[in-house]
Amino acid sequence: MARHGENLRKRVDGRWEGRYKAYSENKGRYVYHSVYGHTYNEAKEKLVAAKMTLQKNLSIDKGDENGNIERTCTNVWLSDVAGEWLAENRKKWKYSTYIKYETICRKHLFKFLKSHRLSDANSDGNDMELQSKISDHLLSENVSESMQKSICCVTNQILCFANKKYGLRMLSLRRPLVKTRKKTLETFTNSERMRLFSSIYDAVDKYGIAILLCLYTGLRIGELCALRWSDFNFEEMTLTVERTVQRIAVKNHAMRTILMEMEPKSEGSKRKIPISAEIGKLLSGLDRDEPYVFGGKHPLEPRTLQYRLKKMLAMAKIDDRNFHMLRHTFATSCIESGMDVKSLSEILGHSDVKITMNRYVHPTMDSKRKQLAKLAGFYGQIHGQMA
């Protein structure tokens, strides 16, 4: 019969067995180890000795009621664990994802993770200290809420990795840590849109058609630059979004960055979009001898398209804006013209209609004025009935 609470039992062969748990590097989890003795006392002494051997190499807590031995190395820092986490998952992620996470670690996390020893990481108050350091950093750097969430997501994945590998109990960080004032996203006004259209149609080229295609479909700049002629079905008048391009930092390369073609950011971003007869007519005038619609033999460089937009805005005497403003203008125009949010969300490639409403759809002053005019008319009817 096993001795309760001691993990000792007498086997059918007459020997006593003591069992304890320890972390296995090879298996990546806790496994049972056993010691044996001809008597209860002998087995108990061996069990104590085995645990003492672990304690010489590891800084441990008392363990739980099941006899688990917590593995927390005395000479390992959280920054080391972050490096282990990046190395272990590198092959699982898309290269762009790895670069994003590595950049976050290098620019935002390593500087203070290297001051947290793993053996003290889950001590009382240490989680709060870690939370406070990250909060102070984000506040001093004026990090956007979007980047805050990414930083906290990466930090929590590192903590989760450390908990599993080293038997810690570190708490997840809260997010967002620092509230920042959201920037008001603007759209091109009707007057600016008219001047931009005029500037494009005065000298139609592939760059102007790319800008118009964004205004008619809301495509992201990377999706536009990666479009191939095989993505269009001119019988059904649709285009399919299956890839994007992005300039990615590369280590140990002659160039610091390369233009990389990849799948869209999410499954929802892979989508089919109807195109208008006007766009189809403009596209039909472009050369189809090479695979990429706007780039030729290779995807178009997004910075080239950004530059072309700035040049057209200057010609149309419109204040400088970034390319994403076209996508935002498309979304707002669709809502103002009566499109339902669900359809717009799918066209934009969002996974949730809330993203569409919160990020892109902002009623203009003209729209608000029209709605209030309707209310005034309704009140006028009531007043007329009372007269």
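Applying the condition of being of a type outside the set (K, R) and outside any helix (DSSP H, G or I) to region 76-112 and asking which residue is nearest to L159 (Cα to Cα) yields W77. I104 meets each of the listed conditions (1) on the phi > 0 side of the Ramachandran plot; (2) modelled with pLDDT of 80 or more; (3) not charged (D, E, K, R) apart from (1). Checking S269, S337, S367 one by one, the residue that is under 27 Å from the mean Cα position of the chain (by Cα) and at pLDDT below 90 is S269 and no other.
Would you mind stating whether Y216 is open to solvent by 50 Å² or more (accessible area, probe 1.4 Å), in a helix (DSSP H, G or I) and not small (G, A, S)?
yes
Kindly indicate the residue of region 186-206 that is among the charged types (D, E, K, R) and without any contact (Cβ under 8 Å) to a residue 24 or more places away in the chain and also least open to solvent (accessible area, probe 1.4 Å) among those meeting that condition. If we take residues in region 186-206 being among the charged types (D, E, K, R) and without any contact (Cβ under 8 Å) to a residue 24 or more places away in the chain, then D205 is least open to solvent (accessible area, probe 1.4 Å).
You will find that of L196, L118, L139, the residue that is in contact with a helix residue (DSSP H, G or I) (Cβ under 7 Å, 6 or more places away or on another chain) and modelled with pLDDT under 85 is L118 and no other. If you go through region 256-285 and keep only what is aliphatic (A, V, I, L, M), exposed (fewer than 14 other Cβ atoms within 10 Å of the Cβ) and not in a strand (DSSP E or B), you end up with just A277. Look at (1) modelled with pLDDT of 95 or more; (2) surrounded by fewer than 18 Cβ atoms within 10 Å (Cβ to Cβ); (3) touching an Asp or Glu at 6+ places or on another chain (Cβ under 8 Å) and you find that A226 fails only one, number (2).
The values are calculated or read from the model by the stated rules, or taken from the named source; none is laboratory data. Note that the structure is a prediction, hence the values are computed from the model and not measured. In this analysis, Cβ positions are derived from the backbone assuming ideal geometry, glycine residues included, and neighbour counts consider all displayed protein chains. Areas reflect the complete protein model, heavy atoms only, side chains present, ligands, DNA and RNA absent. Shrake-Rupley method; radii C 1.70, N 1.55, O 1.52, S 1.80 Å.
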